[in-house]
Amino acid sequence: MKKHEKYLEDSDLAYLELAKGKEPQGKEISPPEKQEFKIIGQYTPRVDGKLIVTGRAKYTQDLSFKDMLCGKILRSPYASAEIIGMDISQAESLPGVKAVLKLKEGRVKYEGEQVAAVAADDEKTAEEALGLIRVDYKLLPHVVAPEKAMAEGSPQVHDSANVQKLNEYNRGDVDKGFAEAEIIFERTYKTAVEIHHPVETHVSIAQWDEDRLTVWDSTQAIFSVRDGLARALGIPASRIRVIKMYMGGGFGCKLGVNEHTIVAAQLAKETGRPVKITLSRKENSLCVGNRPTSLITVKAGVKKDGALISLFMKNYTSGGVGRGDRCSEPLIDIYKCPNVKVEEFTVFTNTGASRPTRAPGHVQGTFALEGFMEELANELGFDPLDLRRKNYTSSNRGETGIPYSSKGLDKCYELGASAIGWARRNKKPGGGQGKKKRGLGVASQIWWGAGVQGTLADVKIHPDGSVEAISGTQDLGGGTRTFMATITAETLGLEPQDITVKIGDTTYPWAPSSGGSQTTPSVAPAIRDAAMKAAEHLKSLAAKKLNVAASDIALGNKNLFDKNNPERSVAFQEITKELRREAVFHGERGDLPAGFAYNSFGAHFAEVEVDTETGQIKVLKVVAAHEIGRVINKQTAESQVVGGITQGVSAALFEERVIDENTGKMVNPNLQNYKPATSMDSPEIVPIFIDIVDPRINNLGTKGLGEPPRIPISAAVANAVYNAIGVHLREIPMTPDKVLKALGTKETAS
Amino acid sequence: MEKTPRKKRKTYTRRAFLKGLGGGAAGTALATRLLGQPLLTSQSELSTAPVSSKKTVTFTVNGKKVLLEVEPRETLLEVLRERLKLTGTKKTCDRGECGGCTVLLDNQPVYSCLFLAYRADGKQVTTIEGLAEGEKLHPVQQAFIDKDAYQCGFCSPGFIMSSVALLSKNPAPSLAEIKAGLSGNLCRCGNYAKIYEAVAAASQSMRKA
């Protein structure tokens, strides 16, 4: 394994650990004040909306610097081969070429692996130079299908066996549980490889100034890019600055440092000029990550009254040359069950490495678990919602662990069922009428998303009354800038547009990667803390001026005033003059009180129509009920839900990386043949938020929302299809051929 | 799965694009330097490629006249982004699959990544930067903010240009017509439902005005 590949894995691990939240530190925080907010919790338009809609928002792709060179990477066209020779001399002598680097010796293990790189005056020269690099490969046997990679005697991907243990979990005694059960039920579910495909492909610009490196990167994680670069280049992190401008989507594939970013830094060092490397759509398909497959068998021992006694899960998951996803968390946690056993294995293949993909593991695990619950409900003659309610929990690890700090899943069931009209569902799966059959399905969701302790943010107040909210966080489109402005404005009695937000720079206070639904519950409490400290200081200044106790001062309408006599007030801009110089207030996201589990919950209800003649599935409507503690901004929260559902519908119906087994090459490395949902496929979406404030999670009582709406949707759609046509496909994407085949099998059987 | 084909455009089909590869020289020969005032491109920038392969073209971009020498292989997207520094138009797939680079050419939407720059000769190009009048946003832009019709915002310039084109042809589209009208644009954040709301709202405010 190459040095920086190792770092990628570290950062992926860190992502999951961060998403879970570290072990609670024990120090209790006081519950959020019971107070009425004016802006928080409302529909607030984005503070940067004007920049976006006028095309003035600068993305990394849009940047260019004086004397900047174009970097390009030559990649392996083969899934498995030995490099036996490389001649770069012709490329080096092409006019306009400033540097050529050999990046690989020996074996390449997947199509798209880095082999060499060039930096040239412009893109066309760089492309031409790549064509002049002569690489002699000796082809080696490859394996790209996980089922084949598991078989005896298949080509070995790494130095060890293709199948490796990934995860195991045990509680209680499953065998005893199965012995006590009245019904044993077992099913197997399968999910395909998805590609993230953010609209802005990966792009990095590196520039050296003596021994200092500045990198502009389209990333979800500026600090982990900085630290990854430091390790890969062998230079101190203190000499690296990473800047993220606006960025065009990530969904996990822009977490951690990328190989091409390291190459950009190397080429920039070599040439003494800034180097920009922009990946193509094909490169985005091959070598910057994907969602691993899953092949999950669930076996349950159940009592006739629906009580789960024993759950066993086995998963074979493949993330190419990287690891698969641990998919068992929902099954371990969400339903009451004393006996659980999990065995998960990763299967290596000669394909690009996996990367965290919006709700890694939970998406696949929920597809299996929630499909299983639907089928089990039918087996038992239960309403699927009743079966879930029967096994409801108030503490984690299936009612064997610690209590949830807050859990509004029951409310999600109630409001969601009412909004979709759950009573309309076919009482028996397959009860849909006519050639176009309709059905309803439900699926539950759990995720972490408590945020990361120690996240920092500053509020800086200038004597002229202008205010900055600063944190080294990222805005991927979730609205980070807007919630920072909203919270600061709310706390200081100003308007969101009054706040200058600064993010995306490693010279700012530390914040975690933007992944795992941790941006809001990390940064929002930190900026709230900083703004509260600023407010306290300004109150003390106003107290002197108004001659009342500081505790009697409140902030609002751009004034500081006496709560008992609001007529007595002083303008915000007057008080800040007293500061004489800029004043910085440091905020931090505090500890999580021990003894509680912090999770977000939700339930999706889908209505579908299945054309039994063409096999085409149309998702008509989705009701998405989520409990994420306090909602900071309903406007952006609704967008998160709409986006998560669209992506999940897309994965349920269309998305699949297709690799030709003979050549080992991907046949759909573009947006035409890899089919993300278009505007024609988007259903009617009804977001519902269960507005409960978590009493201890942080000073705003808020949880993250990035992953939750992506988690249950594919399962809800598959369950609705089951309800419509009476056969569960147990596999996504549910393409028309699979639907027709399933319908055919059903007819033959009946 | 067979999906509804992406929007077919009357004027600039793939066929027309391919035909254009062979037939554009006649148009460019008519261009004169007199049309090109004021110039947005300095002579020094023009001196980097072999002159023999270049064509001189003039067109207007957001109301300003532009005179450029372009290589036959240069796309309108490349000229807009790299030479005119109008980076609001985005490069997403670079092969006509996603609509991220949509601009208006004589008020018709085109994928600028598939459109050779020399074919813009004599035409009027409108990009996302040319939509607002000063600080006053176009109603579609305002509606995109009001309805939160984007997340990362990278596809928004393309969606907004397609929406403007749709509303100029059909000022009061139904939901189905909005969906069909925007089916040539991809939003990977998946905010379509919000985009429909914005287009409907823009349609209303434009008809009131």
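The values are calculated or read from the model by the stated rules, or taken from the named source; none is laboratory data. A quick note: this is a predicted structure, and the numbers were derived from the prediction, not measured. Here Cβ is always computed from backbone atoms with ideal geometry, including for glycine, and neighbour counts include all displayed protein chains.
Looking only at region A:621-630, count every residue that is within 14 Å of chain B (Cβ to nearest Cβ) and either surrounded by 24 or more Cβ atoms within 10 Å (Cβ to Cβ) or free of Cβ contacts under 8 Å to residues at least 40 places away in the same chain (or both) and tell me the total.
Residues flagged as within 14 Å of chain B (Cβ to nearest Cβ) and either surrounded by 24 or more Cβ atoms within 10 Å (Cβ to Cβ) or free of Cβ contacts under 8 Å to residues at least 40 places away in the same chain (or both) within region A:621-630 amount to 3.
(1) surrounded by 24 or more Cβ atoms within 10 Å (Cβ to Cβ); (2) of a type in the set (S, T, N, Q); (3) over 32 Å from the mean Cα position of the chain (by Cα): which one isn't true of A:N564, the others all being true?
Among (1) surrounded by 24 or more Cβ atoms within 10 Å (Cβ to Cβ); (2) of a type in the set (S, T, N, Q); (3) over 32 Å from the mean Cα position of the chain (by Cα), the lone unmet condition for A:N564 is (1).
Can you name every residue in region A:660-694 that is within 14 Å of chain B (Cβ to nearest Cβ), hydroxyl-bearing (S, T, Y) and in a loop (DSSP other than H, G, I, E, B)?
Of region A:660-694, the ones within 14 Å of chain B (Cβ to nearest Cβ) are A:668-687.
Cutting the leftovers down to hydroxyl-bearing (S, T, Y) gives us A:674, A:678-679, A:682.
Selection gives A:Y674, A:T678, A:S682.
Within region A:358-366, is there a residue that is among the charged types (D, E, K, R), surrounded by fewer than 23 Cβ atoms within 10 Å (Cβ to Cβ) and touching a residue at least 24 places away in the same chain (Cβ under 8 Å)?
No, region A:358-366 has no match at all.
Looking at B:V140, B:V164, B:V125, B:V199, which is the one that is hydrophobic (A, V, I, L, M, F, W, C) and within 9 Å of another protein chain (Cβ to nearest Cβ)?
Matching residue, one of B:V140, B:V164, B:V125, B:V199: B:V140.
Of the residues in region A:82-136, how many are buried (at least 16 other Cβ atoms within 10 Å of the Cβ), of a type in the set (G, A, S), away from chain B (no Cβ under 14 Å) and assigned to a strand (DSSP E or B)?
Qualifying residue count, region A:82-136: 4.
Taking the stated definitions as given, is A:V143 away from every other protein chain (no Cβ under 14 Å), closer than 23 Å to A:G289 by Cα and crowded, with 17+ Cβ neighbours inside 10 Å?
Considered against the rule, which asks whether it is away from every other protein chain (no Cβ under 14 Å), closer than 23 Å to A:G289 by Cα and crowded, with 17+ Cβ neighbours inside 10 Å, A:V143 comes out as yes.
Report yes if some residue within region A:427-445 is surrounded by fewer than 20 Cβ atoms within 10 Å (Cβ to Cβ), in contact (Cβ under 8 Å) with a residue 40 or more places away in the chain and not charged (D, E, K, R); otherwise report no.
Kept after step one, since they are surrounded by fewer than 20 Cβ atoms within 10 Å (Cβ to Cβ), are these residues of region A:427-445: A:427-428, A:430-431, A:433-436.
Next, from what is left, pick out any that are in contact (Cβ under 8 Å) with a residue 40 or more places away in the chain: A:428, A:430-431, A:435-436.
Those still in the list that are not charged (D, E, K, R) too: A:430-431.
Yes; the residues of region A:427-445 include at least one that is surrounded by fewer than 20 Cβ atoms within 10 Å (Cβ to Cβ), in contact (Cβ under 8 Å) with a residue 40 or more places away in the chain and not charged (D, E, K, R).
Could we say that A:D305 is surrounded by 24 or more Cβ atoms within 10 Å (Cβ to Cβ) and either within 14 Å of chain B (Cβ to nearest Cβ) or closer than 30 Å to A:L376 by Cβ (or both) here? Steps first, please.
Numbers: surrounded by 24 or more Cβ atoms within 10 Å (Cβ to Cβ): no; either within 14 Å of chain B (Cβ to nearest Cβ) or closer than 30 Å to A:L376 by Cβ (or both): yes.
Against the criterion (surrounded by 24 or more Cβ atoms within 10 Å (Cβ to Cβ) and either within 14 Å of chain B (Cβ to nearest Cβ) or closer than 30 Å to A:L376 by Cβ (or both)), A:D305 does not qualify.
Exactly one condition in (1) within 7 Å of chain A (Cβ to nearest Cβ); (2) over 30 Å from A:N633 (Cα atoms); (3) buried (at least 24 other Cβ atoms within 10 Å of the Cβ) is false for B:Y150; which is it?
Failing condition for B:Y150: (2).
Look at region A:189-220 and say how many of its residues are assigned to a strand (DSSP E or B), within 14 Å of chain B (Cβ to nearest Cβ) and more than 16 Å from the chain's Cα centre (by Cα).
Going residue by residue through region A:189-220, those that are assigned to a strand (DSSP E or B) are A:189-191, A:194, A:203-209, A:212-217.
Then drop every residue that is not within 14 Å of chain B (Cβ to nearest Cβ), which leaves A:194, A:203, A:205, A:216.
Adding the requirement that they be more than 16 Å from the chain's Cα centre (by Cα) leaves A:203, A:205, A:216.
Residues in region A:189-220 being assigned to a strand (DSSP E or B), within 14 Å of chain B (Cβ to nearest Cβ) and more than 16 Å from the chain's Cα centre (by Cα): 3 in total.
Could you please let me know if A:S682 is at pLDDT below 95, within 21 Å of the chain's Cα centre (by Cα) and buried (at least 24 other Cβ atoms within 10 Å of the Cβ)?
Details: at pLDDT below 95: yes; within 21 Å of the chain's Cα centre (by Cα): yes; buried (at least 24 other Cβ atoms within 10 Å of the Cβ): yes.
For A:S682, the condition - at pLDDT below 95, within 21 Å of the chain's Cα centre (by Cα) and buried (at least 24 other Cβ atoms within 10 Å of the Cβ) - is met.
Quick grid of which residues meet (1) over 26 Å from A:D498 (Cα atoms); (2) among the acidic types (D, E):
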site	(1), (2)
A:K539	no, no
A:K545	no, no
A:K563	no, no
A:A571	no, no
A:E574	no, yes
A:V610	yes, no
A:G629	yes, no
A:Q635	no, no
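Tell me, please, whether a residue that is in contact with a helix residue (DSSP H, G or I) (Cβ under 8 Å, 6 or more places away or on another chain) and more than 23 Å from A:D159 (Cβ to Cβ) can be found in region A:344-355.
Taking every residue of region A:344-355 in turn, none turns out to be in contact with a helix residue (DSSP H, G or I) (Cβ under 8 Å, 6 or more places away or on another chain) and more than 23 Å from A:D159 (Cβ to Cβ).
Could you list, in sequence order, all residues of region A:36-81 that are closer than 19 Å to A:M245 by Cβ and away from chain B (no Cβ under 14 Å)?
A:G71 - this is the single residue of region A:36-81 that is closer than 19 Å to A:M245 by Cβ and away from chain B (no Cβ under 14 Å).
Answer yes or no: is there a residue in region A:521-541 that is assigned to a helix (DSSP H, G or I), crowded, with 24+ Cβ neighbours inside 10 Å, among the hydroxyl-bearing types (S, T, Y) and out of contact with any Cys (no Cβ under 6 Å at 6 or more places or on another chain).
Yes, some residue in region A:521-541 is assigned to a helix (DSSP H, G or I), crowded, with 24+ Cβ neighbours inside 10 Å, among the hydroxyl-bearing types (S, T, Y) and out of contact with any Cys (no Cβ under 6 Å at 6 or more places or on another chain).
Using the structure shown, decide if B:L186 is within 7 Å of chain A (Cβ to nearest Cβ), of a type in the set (A, V, I, L, M), under 18 Å from the mean Cα position of the chain (by Cα) and within 30 Å of A:V622 (Cβ to Cβ). Reasoning before the result, please.
Working: within 7 Å of chain A (Cβ to nearest Cβ): yes; of a type in the set (A, V, I, L, M): yes; under 18 Å from the mean Cα position of the chain (by Cα): yes; within 30 Å of A:V622 (Cβ to Cβ): yes.
For B:L186, the condition - within 7 Å of chain A (Cβ to nearest Cβ), of a type in the set (A, V, I, L, M), under 18 Å from the mean Cα position of the chain (by Cα) and within 30 Å of A:V622 (Cβ to Cβ) - is met.
Please indicate, with yes or no, whether at least one residue in region B:175-182 is at the interface with another protein chain (Cβ under 10 Å from one of its Cβ atoms) and touching a strand residue (DSSP E or B) at 6+ places or on another chain (Cβ under 7 Å).
Looking for residues that are at the interface with another protein chain (Cβ under 10 Å from one of its Cβ atoms) and touching a strand residue (DSSP E or B) at 6+ places or on another chain (Cβ under 7 Å), one finds none in region B:175-182, hence no.
Among the residues of region A:228-236, is there at least one that is surrounded by 24 or more Cβ atoms within 10 Å (Cβ to Cβ) and touching a residue at least 60 places away in the same chain (Cβ under 8 Å)?
yes
Does region B:152-190 hold any residues that are in contact with a Gly (Cβ under 7 Å, 6 or more places away or on another chain) and in a helix (DSSP H, G or I), and which are they?
Listed by number, the residues that qualify are B:P157, B:G158, B:S162, B:L166.
Within region A:232-274, track down each residue that is modelled with pLDDT of 95 or more, over 17 Å from the mean Cα position of the chain (by Cα) and within 14 Å of chain B (Cβ to nearest Cβ).
Within region A:232-274, A:K244, A:Y246 meet the criteria.
Hey, which of the strands (runs of 3 or more DSSP E) in region A:278-370, taking only ones fully inside, have at least 2 residues that are among the β-branched types (V, I, T), touching a Gly at 6+ places or on another chain (Cβ under 6 Å) and over 24 Å from A:V641 (Cβ atoms)?
By residue number, A:308-317.
What pairs come up if the first residue lies in region A:607-620 and is over 18 Å from A:A677 (Cα atoms) and modelled with pLDDT of 95 or more, the second is among the charged types (D, E, K, R) and surrounded by fewer than 18 Cβ atoms within 10 Å (Cβ to Cβ), and their beta carbons are under 6 Å apart, counting only those six or more places apart or on different chains?
Taking only residues 6 or more apart or on different chains, the pairs are A:D611/A:K436; A:T612/A:K435; A:E613/A:K435.
Going by the structure shown, is A:G451 touching a residue at least 40 places away in the same chain (Cβ under 8 Å) and more than 23 Å from A:T506 (Cα to Cα)? Break it down stepwise before answering.
Values: touching a residue at least 40 places away in the same chain (Cβ under 8 Å): yes; more than 23 Å from A:T506 (Cα to Cα): no.
Judged against the criteria, A:G451 is not a match.
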